[in-house]
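Below is one structure, written out as structure tokens; comments come after it.
The values are calculated or read from the model by the stated rules, or taken from the named source; none is laboratory data. These numbers come from a predicted model, not from an experiment. So basically every Cβ, Gly included, is an ideal-geometry build from the backbone, and we count neighbours across all protein chains shown. For accessibility, only protein heavy atoms count, side chains too; no ligands or nucleic acids. Shrake-Rupley method; radii C 1.70, N 1.55, O 1.52, S 1.80 Å.
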There are 2 protein chains.
Amino acid sequence: MVEGIEFGAQARSWLSAFDHALAASDVDAAVRLFGDECFWRDLVAFTWNVKTLEGRGEIEAMLRANLAAIAPSGWRIEDDPAPHLVNGVGEAWLRFETSAGRGRGVLRLKDGKAWTLLTTLEELKGFEERKAEKRPMGTTHGVYRRERNWLEAKQAEEDALGATKQPYCLIIGGGQGGIALGARLKQLDVPTIIVEKNARAGDSWRNRYRSLVLHDPVWYDHLPYLKFPENWPVFAPKDKIGDWLEMYVKVMELNYWTSAECVRAAYDESSREWNVEVRRDGRPVTLKPKQLVFATGAYGPPNEIALPGADRFEGQIYHSSHYKTGKPYEGKSCIVVGSNSSAHDIAADLWEYGAEVTMLQRSPTTVVRSETLMELGFDALYSEKAVKSGITTERADLLFAATPFRVMPGQQILIYKEIRKRDAAFYARLAKSGFQLDFGEDESGLMMKAMRTGSGYYIDVGASGLIANGDIKVRTGVEISRLKPRSVALTDGAELPADLIVLATGFQSMNRAVAPIVSEEVADKVGKCWGLGSGVANDPGPWEGEPRNMWKPTQQEALWFHGGNLHLSRHFSLFLALQLKARMEGLPTPVYGLQKVHHKS
Amino acid sequence: MVEGIEFGAQARSWLSAFDHALAASDVDAAVRLFGDECFWRDLVAFTWNVKTLEGRGEIEAMLRANLAAIAPSGWRIEDDPAPHLVNGVGEAWLRFETSAGRGRGVLRLKDGKAWTLLTTLEELKGFEERKAEKRPMGTTHGVYRRERNWLEAKQAEEDALGATKQPYCLIIGGGQGGIALGARLKQLDVPTIIVEKNARAGDSWRNRYRSLVLHDPVWYDHLPYLKFPENWPVFAPKDKIGDWLEMYVKVMELNYWTSAECVRAAYDESSREWNVEVRRDGRPVTLKPKQLVFATGAYGPPNEIALPGADRFEGQIYHSSHYKTGKPYEGKSCIVVGSNSSAHDIAADLWEYGAEVTMLQRSPTTVVRSETLMELGFDALYSEKAVKSGITTERADLLFAATPFRVMPGQQILIYKEIRKRDAAFYARLAKSGFQLDFGEDESGLMMKAMRTGSGYYIDVGASGLIANGDIKVRTGVEISRLKPRSVALTDGAELPADLIVLATGFQSMNRAVAPIVSEEVADKVGKCWGLGSGVANDPGPWEGEPRNMWKPTQQEALWFHGGNLHLSRHFSLFLALQLKARMEGLPTPVYGLQKVHHKS
């Protein structure tokens, strides 16, 4: 076991050997520095991709392909944070340069060999963001016959973009993903338009159901450049987030079109640009961006299910994405189909308004109490405590990114053992109600479910208590077989009265949003988004190593996907923005290991 | 000369002696710890006032009056920043407690005795701000029949405040002063309404002349809680600041009434509340706050000057506060009366639009080049460099506040010696044009002029170059004797053609804003605002030691003044908010040394 100070020397020695090997183009020597179990996750710097290389063989192949073009140099170990041991594994922070830019990374050594290496691109040489020491002056010293002041120049730019001047990049979707990416692109002087179908920035949150608050804590949720202030609540109510996004768009000076919908987009291979038809305030506008980004939300179109007898049903029936409030349903019989996040939130909301609620659970759900998840899941990286101990959002994001998806389940399994022990009484009560709990096929819990399938879990902020005490009834392992005028018949033969049926039945893959706008062919060509190919139900292999299609080149030239929760939207907006900027500037971007498509949805 | 480490021991030893003396109520012993030249500046903690005690006698008197009630304890020297020497003077940061709250300060020792001591109140015990670890959860865990979500609760509160529920505090004026104070009061749960006459928050900036940008750099200008992001320009254009203020009001959830004007306010001594008539969107509303704050701007009503022959003048004539743009004046003859900030900005703006401009300089002006002031004036405390060296805005504000006004001129004289040397060529060119330069009666420069008279200076962002090369003509030591139909006659006998006359003739004292709203009697009773009583022209003695009336109790019960530049609005909003909160909670607030009134305007 290497001690702290010794590890610092070991890390420097490793890096020096790595540096020399790479500088000498000695791929074999570089690869020998990695252990039997090794992972190199690269975000743009080496691969111009979002890519995890697993094992020495994959690392070798990548280096042979890209090392010459990347020409890394200037490797150094950071002093603060200094190299240290974390659970016996040595962890060191790195900085380096490449032909195109400057990067930062995290190295983990076991027995003197690299176990995990994270390399990320932070900025492009010659195209650094104008912030901090480089922030714009705001005024040019001296007086001159200036045509426009700031407001006039901004107005002129807004009027021109999309009319007399084409944007380089068009982002479809103005939620947190589109907004975060737009902010990064603005910083990099990439002319961008964000197209948002709602009337105001933030409406995608305002339009959610009445009782919604974020389930991730504030420190996890910051947007780039402008963090939530110290007095922001831990869990932000939907309207408060909506207001923040609206003001962010304004103060970050984004070109954001509201009441604007992307109707059609087609890629012109010869001119290498998109022809996009947008309907803005009801009027058609044609745009010709070079790059098209879908930031339409991790969840694609709703999974509507066709229920026999729906035509005879006299009550209301709709997908969870249309649910607004339980107000009309006091005393009514409500059936919620599904048992994940939306199902729980909606069932609880209905109960609050005095409805009779039954949840139809079709498959087991992973439930974690919010307080427990805060403490065991978030505390180390995203908490007041973390901030005070020097773990900035930027550092937390890199540490989070430094754990390969192959390694993550093992770590999560340990965390969930602890969670289940700590909340044993809670889980026992919940199970007693008949509710079907699970923790994932490999017991790796909620985070892995999120990355693998985006469903099958609930962070409990109260609904589980209502289920446990019978206020919300649960029927498990059943589905609706048939609708009757005022009731539902279940697959186990039972019949339940029903005035309202909410289908919390999930969403399709994000790429299906491409179909109506571009084409079915292109939606199939780029394939399924998200998921890791872990082999669990709904996440079929082969193993991808990274979420499919997100924040990186796809099989359709100049078509990209951005999004995820606030954390991923924030962190990965940087990497996608750098890839787009590099292309705009005509820099070489040799993509290594473009993701192949194995599933279309 | 005490070395660094030795000084740490000396500081601790001094503080220990001070602590013991105070704890033992031994005022003599406490006072003996101060040097022959000594100053104790207290912001609320000891005096419930904004007060500088000068010399041992004044310190003794204050302690004899307030020590028992304040009951200070828990004195300790901070480790980071650690005690250190600055130009041979030992500087240490302190923390302490009082009966009511917790404070922070800065101590400077010379030869083992206190030279300057700054004590400030940071928070009230039992009424700490809900931020950081104490930030609100945003949602109460558990599900319950809640009546309102966040948006509904906020809406209900906004509807009630001023209608069915009275605010504790009413702030007249919604510029940066009113907004910063409003944000602090919100954090302290003091029901507050801000009344702004313009239609939108930020309009007080938007309505300024077209070319205006801030002349203070960004690091000096942050608002409380939500700092400008890293990409904010060094000098913000007026409209950009306007937008920031507008969004700040929204995300900080301030109760901010636009198109609302305070018409009349009268204090009811028996019920100890104000009767205030506000006109909101044209409709009268009666409010009964307990506290009334004027945040109407450091500059009171404009100094209009009556010019003989004005009735016969065929051109336009107005005060600088009404100037918007030079656009209509291409080729026109324009006279700008005055030679300070507004006069320079306006003269330059007119020149940009192709006008013929003559500045009538009535008295000498202190000019400093913006880049030079940035480097020699701001760099140490408010700059990227300062931030990177650990000087947060909060620390910079305290360091700034730690220099007594009696000591400041001496330090500024040295800075201005350097400035004049560095920019000797610039000044020579400017003087050659006939422009009358000065650096204050005691050569202490721009900062002292700002604190003493609020006028007589210009931070050069280009106009001086135009004056130096004759593009803007200057006539010095003259005034307008008479207006003719299309020209002005000057006191030296000359006559100048004139299509436009802009009177950059300054403003009255802030307390004159009280007269039309409350009464002349009360405006006289509270007296002049701002100024130090230094004895220079327009700042008549006696010496006050602090800006008159600002951020502290006045001679009118429950009437306060808040404002200043963005720095002072930010920093002193904390101290005023704490005083108001303490009164709301009925805490004892024994005010020491209530400022007497020596001047009415």
### Message
Tell me which of B:His344, B:Trp274, B:Leu381 sits at the most positive position along the dipole axis of segment B:257-400, charges placed on C-beta atoms (Lys, Arg +1; Asp, Glu -1).
### Response
B:Trp274
#### Entry: chain A: antiparallel DSSP beta bridges as a percent of all, rounded to 5
55 percent
### Query
In B, who owns the beta-carbon nearest the axis carrying B over to A, and how many Å from it?
B:Met247, 2
## Note on the structure
Counting only protein heavy atoms with a 1.4 Å probe and every protein chain in place, the carbon and sulfur fraction of the accessible surface of segment A:275-387 in whole percent equals 49 percent
### Task
Keeping the other protein chains in place, figure out the carbon and sulfur percent of the accessible area of segment B:15-64, with a 1.4 Å probe.
44 percent
### Task
Report which residues of segment B:453-477 become buried by 30 Å² or more of accessible surface when going from the isolated chain to the complete set of protein chains (1.4 Å probe; DNA, RNA and ligands ignored).
B:Val461
### Query
Using a Förster distance of 45 Å, how high is the FRET efficiency between A:Arg95 and A:Ser601, based on the Cβ-Cβ distance and rounded to 0.05?
0.65
#### Entry: Estimated Rh, segment B:513-559: Kirkwood, alpha-carbon pairs, angstrom
11.4 Å
### Query
What are the label-to-label distances in nm, one decimal and shortest first, from B:Glu443 to the same spot in the other copies, with labels 7 Å along Cα to Cβ?
8.1
### Task
Let me know the whole percent of all Cα-Cα pairs from segment A:17-151 that are separated by more than 19 Å.
56 percent
## Note on the structure
Mean 1/r over distinct Cα pairs of segment B:441-594, inverted to a Kirkwood Rh in Å, yields 19.1 Å
#### Entry: For segment B:71-174, the Rg and Dmax computed from alpha carbons only, in angstrom
21.9, 67
### Message
I'd like the antiparallel share, as a percent to the nearest 5, of DSSP beta bridges with both residues in the protein assembly as shown.
### Response
55 percent
## Note on the structure
In whole Å, largest first, the alpha carbons of chain B cover along the principal axes 74, 68, 47
### Message
Taking loop as defined by DSSP and a crowding limit of 15 other beta carbons within 10 Å, which GluC sites (Glu not before Pro) in segment B:458-546 fit?
### Response
B:Glu479
### Query
When ligands, DNA and RNA are left out and all protein chains stay put, how many square angstrom of accessible area per residue does chain B have with a 1.4 Å probe?
38 Å²
### Task
Would you work out which of A:His599, A:Gly55, A:Ala355 lies farthest towards the positive end of the dipole of chain A, given +1 charges on the beta-carbon of Lys and Arg and -1 on that of Asp and Glu, about the Cα centre?
A:Ala355
### Message
A 23 angstrom limit on the alpha carbon distance is what I want to check against. Which of B:Lys227/B:Lys388; A:Lys51/A:Lys197; A:Lys290/A:Lys552; B:Lys290/B:Lys552; B:Lys324/B:Lys449 exceed it?
### Response
A:Lys51/A:Lys197; B:Lys324/B:Lys449
#### Entry: Simple label model, 7 Å out from Cα along Cβ direction - B:Ala61 to B:Ser519, nm
3.1 nm
### Summary
In this structure, the FRET efficiency calculated for B:Lys125 and A:Glu269 from their beta-carbon separation, with R0 = 41 Å, to the nearest 0.05, is 0.05
### Query
What are the nm distances, shortest first, from A:Asn87 to its equivalents in the other copies, labels at 7 Å along Cα→Cβ?
5.4
#### Entry: Inter-copy separations for A:Ala24, label at 7 Å along Cα-Cβ, nm, ascending
7.4
### Query
Just the Cα atoms of segment A:197-291: what Rg and Dmax do they give in Å?
17.0, 52
### Summary
Ignoring ligands and nucleic acids, chains B and A bury, in total, an accessible area (1.4 Å probe) to the nearest 100 Å² of about 5600 Å²
### Query
Normalised by the residues of chain A, what does the relative contact order come to in percent, with Cα pairs under 8 Å and at least six apart?
16 percent
### Query
Which percent of the accessible heavy-atom area of segment B:428-564 goes to carbon and sulfur, probe 1.4 angstrom?
48 percent
### Message
Rounded to two decimals, what is the ratio between the C-alpha radius of gyration of the protein assembly as shown and 2.2 N^0.38 Å?
### Response
1.03
### Task
Binning at 5 Å from 0, report for segment A:251-298 what percent of all alpha-carbon pair distances ends up in each bin.
5, 18, 24, 25, 18, 9, 2, 0
### Summary
With the label point 7 Å along the Cα-to-beta-carbon line of B:Gln316 and a cut-off under 11 Å to each amide N, the hits in segment B:338-361 are none
